[in-house]
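Encoded as structure tokens, the structure appears first; notes follow it.
Only the coordinates and a few stated rules stand behind these numbers; no lab work does. If you're wondering where the values come from, they're calculated on a predicted model, not measured in any experiment. A quick note on method: Cβ atoms are made from the backbone with ideal geometry, for glycine too, and the neighbour counts reach across all protein chains shown.
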Amino acid sequence: MSIKRFVGLGLGGTALALAAGTVSFFEGKENSAYFDPVGVVTVCYGHTATARIGQTLSDEECGRLLAGDLGDAFDAVDDRVTVDLPPTRRAALASFVYNVGAGAFGRSTLLRKLNAGETVAACNELARWTYAGGEELPGLVKRRDVERWLCLYDEYAPLVAGDHE
């Protein structure tokens with residue numbers, strides 16, 4: 001099953017459910033701490049704040065870290081975005097913030113364009129965030145494609161639905 005179809009199954013759900021599905025799919029889960037592709041110590045679903053080499057956490061602990069980190073990502077989105085967000089766009093942005101951090105999001109052209117009402121241009125900015133450590137990573141390309149799809153979903157879904165009436 002493709003990630004868009006996997007995430008799409010939850011489009012009637014909440015932003016939290018959409019973001020959790022996206023993040024968990026792309027981050028994967030490693031209960032034992034490891035170094036990510038750019039050398040950051042990471043554990044569970046991409047958690048870095050308290051990760052340390054030698055650490056092994058239970059599935060339950062990983063779930064709690066995911067929930068807390070996603071909550072922080074949603075807070076960053078809600079604190080910085082000044083326009084209304086449909087659940088799909090809010091989920092896309094929370095997944096993005098989960099990956100790049102609140103600071104990078106706060107300084108981004110994406111946020112500036114979104115708050116200026118340039119929704120399509122803002123969502124298209126996601127495609128620029130595919131590099132880590134100076135190298136384009138295929139996993140980030142795929143992740144940004146899904147986040148962009150979610151971000152733009154409410155812009156185009158009514159048009160497509162209207163074609164079938």
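Just a few scattered comments:
- Per-selection Kirkwood Rh - the chain (Cα, Å, 1 d.p.): 16.3
- Note on the chain: with a GNM built from Cα contacts shorter than 10 Å, the maximum mean-square fluctuation among Ala49, Ala127, Ala33 falls on Ala49.
- Relative to the longest principal axis of the Cα atoms of the chain, the long axis of helix 59-80 lies at roughly 40 degrees.
- Under 9 Å, Cβ to Cβ, from Asn31 - net charge with Lys/Arg +1 and Asp/Glu -1: -2
- Per-residue ellipticity at 222 nm from helix content only, as computed over the chain with -39500 (n - 2.57) for each DSSP H run of at least four residues, stands at -19000 deg cm²/dmol.
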